[in-house]
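Derivation of every value follows stated rules applied to the coordinates shown; laboratory data play no part. Quick caveat: nothing in here was measured; it's all calculated off a predicted structure. With ideal geometry, Cβ positions are generated from the backbone for all residues, glycine too; neighbour counts draw on all protein chains shown.
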Amino acid sequence: MGKKSIKENKNIYQETREGCGLTREKAGEIMQYVSADRIEKIENERSLPRPEEVLAMSECYNSPELCNYFCTHECQIGMKYTPEVEAKELSQIVLETLAFFDKFNNLKNRFVEISVDGKITEDEETDFAEIQKNLDNLSAAVDSLKFWVEKSTRKNQEV
């Protein structure tokens with residue numbers, strides 16, 4: 001059995017593994033092709049994880065948000081194009097989504113006005129930026145819902 005870590009500044013990979021109650025050895029056994037030694041190097045930041053390793057860890061630890069973390073913090077393409085998504089409880093996701101719909105009902109007519117001619121003029125930029133911000137918030141809520149569903153589905157399959 002592995003010893004308990006007393007390291008203070010643990011990275012997300014170590015925190016997530018430990019949160020599942022797994023030792024590096026047990027996690028390596030479950031993932032098969034990611035060894036305990038490789039996990040140790042990733043957790044101690046002596047080596048960056050490869051995408052396929054993050055995917056294996058996310059599945060092993062039932063933590064799809066690890067993939068989003070990797071893309072938004074360690075992948076050059078992801079850092080530019082992928083928004084960071086927070087894992088949330090279902091009730092919070094639902095309330096945020098409903099709040100979006102309430103707010104967007106007020107903005108939808110303006111969205112149509114701005115979009116009808118296929119261009120955004122200078123006087124429309126502020127309103128369009130507000131609309132875009134709201135759409136980004138909806139997208140984040142949808143991504144959080146995907147994480148929640150994936151985690152719940154895996155939990156139900158284990159039971």
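Using the Kirkwood radius over C-alpha pairs as Rh, can you work out the diffusion coefficient of the chain via Stokes-Einstein at 37 °C, viscosity 0.692 mPa s, in µm² per second?
The calculation lands on 180 µm²/s.
Taking the Cβ of residue 84 as the centre, find all other residues whose Cβ is under 10 Å away and add up their charges (Lys, Arg: +1; Asp, Glu: -1).
-3
Could you give the length gained by full extension between residue 115 and residue 87, i.e. 0.36 nm per residue of separation minus their alpha carbon distance, to one decimal place?
Taking residue 115 through residue 87 to full extension adds about 6.8 nm, to one decimal.
In nm, to one decimal, how far is the modelled label at residue 97 from the one at residue 152, with both set 7 Å along Cα→Cβ?
0.9 nm
Efficiency by 1/(1 + (r/R0)^6): what FRET value for residue 105 and residue 37, r their Cβ-Cβ distance, R0 = 41 Å, to the nearest 0.05?
Here the calculated transfer efficiency is 0.15.
Would region 15-94 count as rounded, prolate or oblate if I go by the C-alpha gyration tensor, calling it rounded below 1.5 in a/c and otherwise prolate when a/b exceeds b/c, oblate otherwise?
In terms of gyration-tensor shape, oblate.
Could you tell me whether region 8-56 comes out rounded, prolate or oblate from its Cα gyration tensor? Rule is a ≥ b ≥ c as square roots of the eigenvalues, rounded for a/c under 1.5, then prolate if a/b exceeds b/c, otherwise oblate.
oblate
For Cα pairs less than 8 Å apart in space and 6+ apart in sequence, what is the mean separation divided by the residue count of the chain, i.e. the relative contact order in percent?
19 percent
Output the pairs from 80/133; 88/155; 41/155; 88/151 with a Cα-Cα distance over 19 Å in this structure; if there are none, say none.
41/155
Between 44, 106, 11, which gets the highest mean-square fluctuation from a Gaussian network model of the chain, Cα cutoff 10 Å?
Maximum among the listed residues: 106.
Please work out how much length the chain gains when fully extended from residue 138 to residue 77, using 0.36 nm per residue of separation minus the C-alpha to C-alpha distance, in nm with one decimal.
Full extension from residue 138 to residue 77 adds 19.8 nm.
How big is D for region 57-123, in µm² s⁻¹ as a whole number, if Stokes-Einstein is applied with the Kirkwood radius of its Cα pairs at 4 °C and 1.567 mPa s?
85 µm²/s
What does the charge count near residue 140 come to, summing +1 for each Lys or Arg and -1 for each Asp or Glu among other residues with Cβ under 15 Å from its Cβ?
-3
Under a plain spin-label model, where a point goes 7 Å from the Cα along Cα-to-Cβ, how far apart in nm are residue 9 and residue 55?
So the label points at residue 9 and residue 55 sit 3.1 nm apart.
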